[in-house]
């Protein structure tokens, strides 16, 4: 009876190990640096929200800039590929740029929000 149980236990262990490898292999993590600045003064935007969107509109990552307008975002990619990266600050128009898979740094300028 022990001989019959032992192969079954080994087979189950192998299935879990293979599933773990497949699950972890489909994730790619990009760390990108962003500098968000005012388009007229080129001063960093402190406290601006930076976010990455997939083509379907799903938000993939978000971060807030520091006092100099800089932040780093870890972007995990599974099925949804990043499409755009945006900066949102209440004193400026929302601004963004298309995602570049080879880029590790983005410089995004935001025009001052003026309502006339």
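The values are calculated or read from the model by the stated rules, or taken from the named source; none is laboratory data. Just so it is clear, the model here is predicted, and its values are computed rather than measured. Note that each Cβ is placed from the backbone with ideal geometry, even for glycine, and that neighbours are counted across all protein chains shown.
Summary of computed values
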| read-out | value |
| --- | --- |
| Which listed residue, of 57, 67, is assigned to a loop (DSSP other than H, G, I, E, B), over 24 Å from residue 98 (Cβ atoms) and at pLDDT 90 or above | 67 |
| Residue check for residue 83: in contact with a strand residue (DSSP E or B) (Cβ under 6 Å, 6 or more places away or on another chain), part of a strand (DSSP E or B), surrounded by fewer than 17 Cβ atoms within 10 Å (Cβ to Cβ) and at pLDDT below 90 | no |
| Residue match in segment 100-107 (condition: crowded, with 17+ Cβ neighbours inside 10 Å and at pLDDT 90 or above) | yes |
| Residue 46 being surrounded by 14 or more Cβ atoms within 10 Å (Cβ to Cβ), outside any strand (DSSP E or B), modelled with pLDDT of 90 or more and out of contact with any helix residue (DSSP H, G or I) (no Cβ under 9 Å at 6 or more places or on another chain) | yes |
